[in-house]
Amino acid sequence: MTWFDALLVTLLALTAALGARRGLAGLAWGLGVVAVCFVSNFFLHGWPALVLALVLGFGVAWFSQRLIGPALETWHIALGALGGLIAGLVLVSSLALGFPIGTDNQYPTNKLPPSVHDAVVNSYVQKILFPVFNGNDALKTLLIPDFSQR
């Protein structure tokens with residue numbers, strides 16, 4: 001396990017906790033994050049996709065909190081944690097697979113700083129997620145949109 005894995009696991013735990021804190025709205029938020037990322041990556045590329053994702057993402061977060069309200073029961077918190085976990089998995093997967101690919105199709109490229117390159121190459125999370133590069137097109141659009149546009 002590298003420092004990069006520790007960072008990814010921490011991000012996953014933070015998003016799950018954020019979802020749990022929001023209760024049922026956290027479930028809607030988590031599912032909304034996945035939908036917003038997929039839609040923005042499918043229809044747009046580059047900076048316009050980021051702008052669309054931010055606008056839609058804030059809209060999903062605001063509407064989910066306003067329409068659903070605070071957590072009232074324990075199972076609301078559990079479902080919120082599930083929503084946060086789903087959003088966190090997309091975030092962690094995108095970060096683990098989002099480094100540049102070298103001209104020789106090596107992932108990640110050797111042009112990264114040595115400490116970052118070694119941490120990503122030896123990352124347990126990255127090794128588990130690496131088959132996504134050869135996987136489903138929809139999954140590539142969601143997690144690694146730059147690669148799916150090649």
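The values are calculated or read from the model by the stated rules, or taken from the named source; none is laboratory data. Keep in mind that what you see is a predicted model, and the values were worked out from it rather than measured. For neighbour counting, all protein chains shown are included, and Cβ atoms are generated from backbone atoms with ideal geometry for every residue, glycine included.
Values as computed for the structure displayed
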item	result
Scope segment 9-25; condition surrounded by 21 or more Cβ atoms within 10 Å (Cβ to Cβ) and either closer than 20 Å to L142 by Cβ or under 15 Å from the mean Cα position of the chain (by Cα) (or both); matching residues	T15, A16, G19
Residue in segment 9-23 that is of a type in the set (D, E, K, R), out of contact with any Phe, Trp or Tyr (no Cβ under 8 Å at 6 or more places or on another chain) and at pLDDT below 90 present	yes
Given (1) loosely packed, with under 14 Cβ neighbours inside 10 Å; (2) at negative phi, number of the condition V36 does not satisfy	(1)
In segment 93-143, the residues that are in contact with a Leu (Cβ under 9 Å, 6 or more places away or on another chain), over 20 Å from V39 (Cβ atoms) and β-branched (V, I, T)	V120, V125
Selection status of L72, under 12 Å from W29 (Cβ atoms) and not acidic (D, E)	no
Selection within segment 62-76 - surrounded by fewer than 18 Cβ atoms within 10 Å (Cβ to Cβ) and in a helix (DSSP H, G or I)	W62, F63, Q65, R66, L67, T74, W75
F4, sole failed condition from (1) in contact (Cβ under 8 Å) with a residue 60 or more places away in the chain; (2) of a type in the set (A, V, I, L, M, F, W, C); (3) within 12 Å of G88 (Cβ to Cβ)	(3)
Single residue of A87, A81, A53, A71 found to be of a type in the set (G, A, S) and modelled with pLDDT under 85	A71
All positions within segment 93-127 that are assigned to a loop (DSSP other than H, G, I, E, B), touching a residue at least 60 places away in the same chain (Cβ under 8 Å) and within 17 Å of the chain's Cα centre (by Cα)	S123
Boolean, A25 is of a type in the set (G, A, S), assigned to a helix (DSSP H, G or I), more than 26 Å from G98 (Cβ to Cβ) and out of contact with any helix residue (DSSP H, G or I) (no Cβ under 7 Å at 6 or more places or on another chain)	no
Positions within segment 128-145 being assigned to a helix (DSSP H, G or I) and in contact (Cβ under 8 Å) with a residue 12 or more places away in the chain, in sequence order	L129, F130, V132, F133, A138, T141, L142, L143, P145
Residues within segment 39-56 that are surrounded by fewer than 18 Cβ atoms within 10 Å (Cβ to Cβ) and free of Cβ contacts under 8 Å to residues at least 60 places away in the same chain, tallied	12
